[in-house]
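Down below is the structure, laid out as structure tokens.
Quick note: the coordinates plus some simple rules give every number you see, no bench work behind them. Only a predicted model underlies this, so the values are computations on that prediction, with no experimental measurement involved. A quick note on method: Cβ atoms are made from the backbone with ideal geometry, for glycine too, and the neighbour counts reach across all protein chains shown.
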Amino acid sequence: MKITILGSAAGLPTVDRGLPAIIVEVEGELLLFDCGEGTQRQLMRAGVSLCRKMRVFITHLHGDHLFGLPGLIQTMNLMNRVHPLGIFGPPGLKKFLEETTISTMPEPVFDLTVHEVKEGEIALGRQYRVIGALAEHSVPNIAYKLIAGESSGKFNSNKAEALGIPEGPLRKDLKSGKPITLEDGRHIDPADVLGKPVRGISMVYSGDTKPCSSVIKLAEDADLLIHEATFTHDLGDRASAEGHSTAEGAAGVAKSAKVKKLLLTHISARYPDGKVLEDEAKNIFASSEVVEDLKNYDLKI
């Protein structure tokens, strides 16, 4: 899982930070989380082709997180993109795209599908899945968890044969981790025919939120948490009122969720280098880091 920070500013861009966007490469597919203004140019600077297989996940309908979508789609159209593009986000996303994109450009030459989602399983790939949970912001915000490479364990055909499990749907259910009941009434658990499960690797992206239990639960034992940290602790009251987090608050979420590493993003322009935020977070959670635009992070099983 290769993660590239495309934009890490809060609200307005700075010379060094673009607006929120993160691109993740997993199993040869690209997953874009948020798409602030200027994201397509950051993708080009990162050497990412706009014609590759891609899905887009929008956390919420604030401009700094999705104003880059119209330009991205238009450029893909001009480049004669072939692969379909699925865009996922909260209710209202479809109307936004219809009014700002579809009405102002020729009909896309590629298949464009918008999925309005809330919580639970959002999308499935060949070797990954994306789960969503509602966070606590001033508007509905979906925090996303990407899990890649997990497996319920290698299927043991010899054990299945010995138990009299026929080829077909029943074996498929067991492979996917579902218990079955045979015609003779015997109950078979997946553990009876599967090897040791593989945990996989996981990344959580909070979007905009104040510290909340739903994100802690979503991020539990994750390899990486990318959490907004708009302010320092002295502006905690403002952060809470606006549905944002301080660096201290984000570190508290990471500590409670027992994640391996915390990346701080959504940095206010009042903190040019971000070091004050990083130091504040490290006092609570040592493995904390303020991100930089176009920096890469690799996760491996």
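Of the trypsin sites (Lys or Arg not before Pro) found in the stretch 111-192, those in coil by DSSP whose Cβ has at most 14 other Cβ atoms within 10 Å are K118, R126, K154, R186. Near R55, the amide H atoms lying under 5 Å from its own belong to L30, L31, L32; only residues 5 or more places off or on other chains count, and H is placed 1.01 Å from N.
The Cα trace of the stretch 41-178 gives Rg and Dmax of 19.6, 62 Å, the first to one decimal, the second as a whole number. With both labels modelled 7 Å from their Cα along Cα-to-Cβ, the E183 to I102 distance reads 4.9 nm. Cross-link pairs exceeding 24 Å between alpha carbons, from the set K118/K282; K217/K295; K118/K145: K118/K282; K217/K295. Listed by chain and number, the lysines whose alpha-carbon sits under 21 Å from that of K178, ignoring those within fewer than 8 places in the same chain, are K154, K159, K196. How tilted is helix 247-257 with respect to the longest principal axis of the chain? Cα atoms for both, answer in degrees (0 to 90, nearest 10). The angle comes out near 10 degrees. One chain, two ends: D111 and V82. Fully extended at 0.36 nm per residue, the span grows by 9.6 nm beyond their Cα-Cα distance.
Checking the Cα-Cα distances for K255/K275; K95/K175; K94/K300; K175/K300 against a 29 Å cut-off, the pairs over it are K95/K175; K94/K300. Per residue, the convex hull spanned by the Cα atoms of the stretch 1-74 measures out at 82 cubic angstrom.
Full extension of the chain between A162 and D16 yields a length gain of 46.3 nm, computed as 0.36 nm times the residue separation minus the alpha carbon distance. Residues of the stretch 223-247 falling in the label zone of N296, defined by backbone nitrogen less than 19 Å from a point 7 Å along Cα to beta-carbon, are 224. In the chain, helical runs assigned H by DSSP with n ≥ 4 each contribute -39500 (n - 2.57); averaged across all residues and rounded to the nearest 500, the mean residue ellipticity at 222 nm is -6500 deg cm²/dmol.
Evaluate the relative contact order of the chain (contact order divided by residue number), counting alpha-carbon pairs under 8 angstrom at least 6 apart; express in whole percent.
Once normalised by length, the contact order is 17 percent.
With the simple model of a label 7 Å out from the Cα in the direction of the Cβ, A191 to H233 spans 4.3 nm. Remark on the chain: hydrodynamic radius 20.4 angstrom, per the Kirkwood mean of 1/r across alpha carbon pairs.
3J(HN,Hα) couplings calculated from phi for the stretch 209-222 with the Karplus curve 6.51 cos²θ - 1.76 cosθ + 1.60 (θ = phi - 60°) are, in sequence order, 6, 8, x, 8, 5, 5, 6, 4, 5, 4, 8, 3, 6, 5 Hz; Gly and Pro show x. Taking other C-beta atoms within 10 angstrom as a stand-in for reagent exposure, S157, S288, S245 fall in the order S157, S288, S245, fewest first. Once you've got the GNM for the chain with C-alpha springs shorter than 10 Å, pick whichever of S213, S151, S176 has the biggest mean-square fluctuation. Result: S176 has the largest fluctuation of those listed.
Distant-in-sequence amide contacts of A123, defined by a placed amide H-H separation under 5 Å and a gap of 5 or more residues or a different chain, comprise V130. For the stretch 20-84, the set of trypsin sites (Lys or Arg not before Pro) satisfying both a DSSP loop assignment and a count of at most 11 other C-beta atoms within 10 Å is empty. The stretch between K94 and K282 holds 63.7 nm of extra length on full extension. This uses 0.36 nm per residue minus the Cα-Cα distance. Against the chain, whose longest principal axis is taken from its Cα atoms, helix 69-78 shows a tilt of about 70°.
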